[in-house]
Amino acid sequence: MSSSTLRRRLYHGDVDGRRNEQMDTFGSDGLDEPLLGSYGDRSKVYDSREEEDWDIRKKEEQHWTFLFSTLIAQWAQWLANILTESSSVFGRLLPFSTQSQIYLSPLQEERLSILKERLQVPFDGSRVEHQDALRQLWRLAFPDTAIPPLKSESWKDMGWQGTDPSTDFRGGGYVSLENLIYFAQNYPDSFQKLLHKQEGVRAEWEYPFAVAGVNISFMLIQMLDLQSSMPSSQAGIRFLELLAEDENAFDKLYCVAFRLMDAQWLLKRASYMEFNEVLKAVRTQLERELALEDVTHVRDLPSYTMLYR
């Protein structure tokens, strides 16, 4: 028994745990077997050169990892700089970007060019054609009244702020006078109703008719983005489609805007100091109507019908 280890195995069938005992004998050498296989030859001699080679390889790997990480970081920063650039620069670097391009037909280009030329003309009271245009507007507004001198208190009856109308064209330019003339010639009933404030309960301090017209021209120019090289606003892009169908689209839209302004004025029961607020509401309404899918002409705008009421 000295050369082996005895282990007692109990069979649970024995009541007292002692009957039918079996003595299993395992050699002492069996306990020395490794649980996970051989560890290899432990008698191998240690070689310091292998550790030096391993250190060199590790340093090289760390060096290349650092260079690669630096390159990735620089590339990411470069890409971030591109993404934060202005849209024009981004478009040049990425020519296949999702920026939509506006393509005009030759007819659209011609009509847009003519309109832009009109917008560049300031009102000049010393020019004979501008003086004649003012007189023409007076005849359309007051056909039964003699034309007053170009500087007269009578011009206030049309809604100019002073005795000299030329001082009120600063924002709208000569095109605003053309708009008023077009309104009077093509929609005379609406023109006269607004000029003489014939509809609704009016405020004690009403908006001046002619000056309001100049402001409406200026508002439309801004809304349609006509001072830029190419309109980029949604309303401006849609207007280009209307211009393709009608060379007078801007003048007609002006008439709609004027009629809509008076309707908003009455709806809000506004007075003189609230004119800018009313004009903002007009712009918002026009932008909504221009966004409608079935609008291909100015006459398709819902507010256009007010010109004939």
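The values are calculated or read from the model by the stated rules, or taken from the named source; none is laboratory data. All values derive from a computational prediction rather than experimental measurement. Quick reminder, even Gly has a Cβ in these numbers, built from the backbone with ideal geometry, and neighbours come from all protein chains shown.
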(message) Just the residues that are of a type in the set (A, V, I, L, M, F, W, C), in a helix (DSSP H, G or I) and within 35 Å of the chain's Cα centre (by Cα), please, taken from the stretch 139-186.
(response) 175, 177, 180, 181, 183
(request) Of the conditions (1) farther than 28 Å from residue 141 by Cβ; (2) outside any loop (DSSP other than H, G, I, E, B), residue 252 clears all except one; give me its number. (result) (1)
(request) Select from the stretch 228-285 the residues that are among the acidic types (Asp, Glu) and more than 20 Å from residue 304 (Cα to Cα) and list them in ascending order. (result) 274, 277
(request) Report whether or not residue 128 is out of contact with any helix residue (DSSP H, G or I) (no Cβ under 8 Å at 6 or more places or on another chain) and either buried (at least 19 other Cβ atoms within 10 Å of the Cβ) or among the hydrophobic types (A, V, I, L, M, F, W, C) (or both). (result) yes
(message) Condition first: part of a helix (DSSP H, G or I) and basic (Lys, Arg). Now tell me which residues in the stretch 113-138 satisfy that.
(response) 116, 118, 135
(request) Being touching a residue at least 24 places away in the same chain (Cβ under 8 Å), assigned to a helix (DSSP H, G or I) and among the hydrophobic types (A, V, I, L, M, F, W, C) narrows it down to one of 203, 210, so name that one. (result) 210
(request) Any residue in the stretch 151-173 that's assigned by TED's automatic domain parsing to the domain that holds residue 195 and aliphatic (A, V, I, L, M): show its pairings with residues that are assigned to a loop (DSSP other than H, G, I, E, B) and at pLDDT 95 or above at Cβ separation under 8 Å, as long as the two are six or more apart or on different chains. (result) 158/142
